[in-house]
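For reference, the structure discussed in these notes is given below.
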Amino acid sequence: MADWNAKVYERVSAPQFAWGQRVLERLALRGDETVVDLGCGAGRLTELLAERLPGGHVVALDASAAMIEQARARLARFGDRVSLVHADAARHVQRPPADAVFSTATFHWVLDHDALFAAIAASLRPGGRLVAQCGGGDNLARIRRRAAELRASPPLARYFEGFREPWHYATPDETRARLERAGFADVRAWLEPAPARFDDAASFREFVVHVVLRDDLSRLPDDAHRARYAGALVDAAGGDDPPFELDYWRLNVDARRA
């Protein structure tokens, strides 16, 4: 998959930013801790986190080079209180270990959750906290079903041989089990509905093209194919009740490193 368009993501990711602010409220801080923002994206939530740590340090990590550069510009005012790390979340181990790991809208992009949680556990001091949210359960079931039907259609099937969705939407039960195996205690994991509604076809299209359909569209040979593919999904969403709504489900996680 091509790297993210970080500037566009920063502009269209209002749903992720709103969800992330509520997750950040769950992370109680004194203000002097070291916290890893795992999947910092363009740095909007990292900025809020750094403001809550006037005597602490934030490690802003992302697998996207474009996102890291976008975050670097936004976070420059914090100086050496913020470090930026371009790394795979399932392989990076923070040294020295952090007091907390905060993450939103990221874990579902990592296919190996066992490796992810092992790396997070290794990055936390004993007693350190994990507070996170990602897509889970039946996240985006409607557009995923429609996209699967399009990919299997005769005009397009040849472009999607061997295709695999780029996400892993875990359930609360499997997430609790994985976290406990990785060395976490006091584990809580739960799903909540978080439908995202868009005002019109144009805003819906921009969002799904740059966030939801990135992997699908990268398989198609030219702009004309990509426009027809996205257009079919936008048209279908326009007929929903309510129209132009994505059926997001968020998987919340709170846990403590044993």
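Is it true that some residue in the range 127-135 is within 21 Å of the chain's Cα centre (by Cα), small (Gly, Ala, Ser) and part of a helix (DSSP H, G or I)?
Step one: list which residues in the range 127-135 are within 21 Å of the chain's Cα centre (by Cα), which gives 129-135.
Pick out the ones that are also small (Gly, Ala, Ser) and you get 132, 135.
If we keep only those that are part of a helix (DSSP H, G or I) as well, we get none.
No, because not a single residue in the range 127-135 is within 21 Å of the chain's Cα centre (by Cα), small (Gly, Ala, Ser) and part of a helix (DSSP H, G or I).
Go through the range 148-172 and report how many residues are within 20 Å of the chain's Cα centre (by Cα) and either assigned to a helix (DSSP H, G or I) or surrounded by fewer than 18 Cβ atoms within 10 Å (Cβ to Cβ) (or both).
Number of matching residues: 6.
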### Summary
The correct count of residues that are farther than 16 Å from Val8 by Cα and free of Cβ contacts under 8 Å to residues at least 24 places away in the same chain in the range 187-207 is 0
### Query
Of everything in the range 226-254 that's assigned to a helix (DSSP H, G or I) and of a type in the set (A, V, I, L, M, F, W, C), which residue is farthest from Ala201 (Cα to Cα)?
Ala227
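Tell me, please, whether a residue that is more than 18 Å from Phe107 (Cα to Cα), among the small types (Gly, Ala, Ser) and surrounded by 15 or more Cβ atoms within 10 Å (Cβ to Cβ) can be found in the range 201-208. Steps first, please.
Residues of the range 201-208 more than 18 Å from Phe107 (Cα to Cα): 201-208.
Restricting the remaining residues to those that are among the small types (Gly, Ala, Ser) gives 201-203.
Now restrict to residues that are surrounded by 15 or more Cβ atoms within 10 Å (Cβ to Cβ): 201.
Checking the range 201-208: at least one residue is more than 18 Å from Phe107 (Cα to Cα), among the small types (Gly, Ala, Ser) and surrounded by 15 or more Cβ atoms within 10 Å (Cβ to Cβ).
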### Message
Going residue by residue through the range 76-95, is there one that turns out to be in contact (Cβ under 8 Å) with a residue 60 or more places away in the chain and either within 22 Å of Pro195 (Cα to Cα) or of a type in the set (A, V, I, L, M) (or both)?
### Response
no
### Message
Against the condition outside any loop (DSSP other than H, G, I, E, B), closer than 30 Å to Arg256 by Cα and at pLDDT 95 or above, how does Val209 come out, does it pass?
### Response
no
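Among the residues of the range 177-184, are any free of Cβ contacts under 8 Å to residues at least 60 places away in the same chain, surrounded by fewer than 18 Cβ atoms within 10 Å (Cβ to Cβ) and not in a strand (DSSP E or B)? Please lay out each step first, then the result.
Here is the first cut: in the range 177-184, the residues free of Cβ contacts under 8 Å to residues at least 60 places away in the same chain are 177, 180.
From what is left, the residues that are surrounded by fewer than 18 Cβ atoms within 10 Å (Cβ to Cβ) are 177, 180.
This time we only want the ones that are not in a strand (DSSP E or B), so: 177, 180.
Within the range 177-184 (the criterion being free of Cβ contacts under 8 Å to residues at least 60 places away in the same chain, surrounded by fewer than 18 Cβ atoms within 10 Å (Cβ to Cβ) and not in a strand (DSSP E or B)), the answer is yes, since at least one residue qualifies.
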### Summary
Checked the range 185-206 for anything small (Gly, Ala, Ser) and outside any helix (DSSP H, G or I); matches are Ala185, Ala189, Ala194, Ala196
## Note on the structure
With criteria (1) more than 19 Å from Cys134 (Cα to Cα); (2) of a type in the set (Lys, Arg); (3) crowded, with 18+ Cβ neighbours inside 10 Å; (4) touching a residue at least 60 places away in the same chain (Cβ under 8 Å), Arg250 comes up short on (1)
### Task
Give the number of residues within the range 126-170 that are of a type outside the set (Lys, Arg) and within 30 Å of Gly183 (Cβ to Cβ).
19
### Out of Pro242, Pro195, sole residue that is exposed (fewer than 13 other Cβ atoms within 10 Å of the Cβ), at pLDDT 95 or above and under 16 Å from the mean Cα position of the chain (by Cα)
Pro195
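The values are calculated or read from the model by the stated rules, or taken from the named source; none is laboratory data. What you see is a predicted model; the values in this text were computed from it and never measured. Every residue, glycine among them, receives a Cβ derived from its backbone with ideal geometry; neighbour counts consider all protein chains shown.
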